[in-house]
1. Given the criterion in contact (Cβ under 8 Å) with a residue 12 or more places away in the chain, part of a strand (DSSP E or B) and surrounded by fewer than 17 Cβ atoms within 10 Å (Cβ to Cβ), identify the matching residue among ILE162, ILE155.
2. Restricting to the stretch 410-435, what's the tally of residues that are among the polar types (S, T, N, Q), modelled with pLDDT of 95 or more and out of contact with any strand residue (DSSP E or B) (no Cβ under 8 Å at 6 or more places or on another chain)?
3. Return yes when GLU300 is in contact with a Ser or Thr (Cβ under 9 Å, 6 or more places away or on another chain), assigned to a helix (DSSP H, G or I) and among the acidic types (Asp, Glu) and no when it is not.
4. Hey, any hits in the stretch 323-342 for a residue that's in a helix (DSSP H, G or I) and among the small types (Gly, Ala, Ser)?
5. Within the stretch 314-327, is even one residue crowded, with 20+ Cβ neighbours inside 10 Å, closer than 30 Å to VAL438 by Cα and under 25 Å from the mean Cα position of the chain (by Cα)?
6. Tally up the residues in the stretch 384-400 that are in contact (Cβ under 8 Å) with a residue 40 or more places away in the chain and either crowded, with 19+ Cβ neighbours inside 10 Å or over 24 Å from the mean Cα position of the chain (by Cα) (or both), please.
7. Can you pull out the residues in the stretch 528-547 that are polar (S, T, N, Q), out of contact with any Gly (no Cβ under 8 Å at 6 or more places or on another chain) and within 14 Å of GLN73 (Cβ to Cβ)?
Amino acid sequence: MALNYKCKLKFSIFVFACLMMASCTNHKISNKNIFRYNESAGISSLDPAFAKNQSVMWPIHQLYNTLVELDSQLKVVPSLAKSWNFLNHNRTIVFRLRTDVYFHDDPVFVNGIGRKLVAADIVYSYNRLLDKRVASPGAWIFNDKIDSLNPFVAIDDSTFEIRLSTSCPVILGILSMPYCSIVPKEAVITYGQNFRSHPVGTGPFCFKVWEEGQALILKRNNRYFETDEKGKKLPYLEGIKISFLDNKASEFILFQQQELDFINDIDPSFKDELITKAGEMKKQWVGKISMNKHSYLNTEYLGILFDTSNALLKNSPLRIKKVRLAINYAIDRKKMLMYLRNSIGSPANSGFIPKGLPSFDNELVHGYDYNPIKAKLLLKESGFDEEKKMPVIHLLTVSTYVNVASFIANELNKVGIPVEVETVQKSLLLEQMSKGQVLFFRGSWIADYPDPSNFLSVFYSKNPSPPNYTRYSNKKYDSLFEQSFLETNDSLRILLFRKMDNVLIEDAPIIPLWYDMVLHFVTPQVENFKPNSLNMLELKRVKKNYH
């Protein structure tokens, strides 16, 4: 272990020296103006076509741009597109592009100088996302939304047109997703499979060096097109350094020593040191670090395979609806949040749609309260009691959630549902979930764009896995989902979303656990660090006060 630490330290010194010596215009960088954070989950790719989880989305958001983006209030605002118009009964959108956007300098371009972005780059990027040979997990986002013949058109270099199969109220939100980042064809073709580790975008930061498992260094893009309100060019930071310590305890120690500028959430082993059971920062830390809490469009849940044609489900008690309902009633969500998360989040006693979205209403969409007596009664009605014991059910999760899974297993065992927790690597679990090889798993769904349809698309039967990891299928649900994309009246859309959420809760292919909160801890030197409900890491306006 000591040798490994020394290796990491040596590499950290090396990559930092690289950053000090070079930038987009080869000027020196002050090591005090580098934003440093740790990504314990690691980063699998820097190709936006594979931006399927937060660890990948964060660096991609620094490296690339989308046509439109979401501000801190989750409103759609211009990015690469400076304006747009809806035509043809909202089935055609014409975007006027900025003409001052350039790709990062890279050897793939003439003389190594990044060329100007044009509308053809957007056509290429979107078609690539749909290309089956690329096998992007984000290809589903355009399902049943775009024209089947010619959906993406470059009218001229600064005008792009997207043609829809029908009116789509959430299309701008979809186009703000990291999957829809714009990439240059030259880089994708030249680097091939290595494009994942040699990204070329238009974003506020450029790629410098990535030693997988050690550190990723990004540097300021001095040709970036955005400015602040006073006309000063963004970003303010000289660079970003991402480390990959998988030990959350080590991460917290480095943060205490101000070797990291921020940490996302808190490891359970340190939560009681920083936060009270009521979710407030303890007095001894006030002034030393800042804690930001913010609503987070993320639902944590347990997923159950719903596909009755799958052999795994044939002899499992999870195929029985009353057993799934019993699981929902058997978990004391409020107790779980208080003791395991120090009240960070809200018990998920409603549907799958979390707090913070307009269709959330725990009176009109009522889920399951803690009721162990009712859970036992449902099990008895399912044919399981003291004489006929239920077979053991295996709950799969990753190591960071083993405490939550163990709490749930204990709750379920108390009512007569024997559960054993199995811990697997995240990449393996996601692969098994995608292939329908897991009966019972812990999952979470973070909003890609701020609309209830994003959460409900997870259970639309025509969507693949991901996002439909449970293989849920219900004709009534599908019909309501399809109606929601035809409906332009927001009030009527909300009614449809609530109906869908109620159908889902009644079938119980999931057990919602809690609606999340963003929890950030930031050092006093960091300024303008503003969270949002998507927990997207926004660094182009961040400053470090190091005087």
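1. ILE155
2. 1
3. no
4. yes
5. no
6. Count: 8.
7. Across the stretch 528-547, the qualifying residue is only ASN532.
Conditions (1) at pLDDT below 95; (2) hydroxyl-bearing (Ser, Thr, Tyr); (3) farther than 24 Å from THR99 by Cβ, marked per residue:
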{"position": "ARG133", "(1), (2), (3)": "no, no, yes"}
{"position": "LYS145", "(1), (2), (3)": "yes, no, yes"}
{"position": "VAL170", "(1), (2), (3)": "yes, no, yes"}
{"position": "ARG220", "(1), (2), (3)": "no, no, no"}
{"position": "LEU237", "(1), (2), (3)": "no, no, yes"}
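The values are calculated or read from the model by the stated rules, or taken from the named source; none is laboratory data. Model, not experiment: these values are computed from the prediction. Ideal geometry is used to build each Cβ from the backbone, glycine not excepted, and the neighbour counts take in all protein chains shown.
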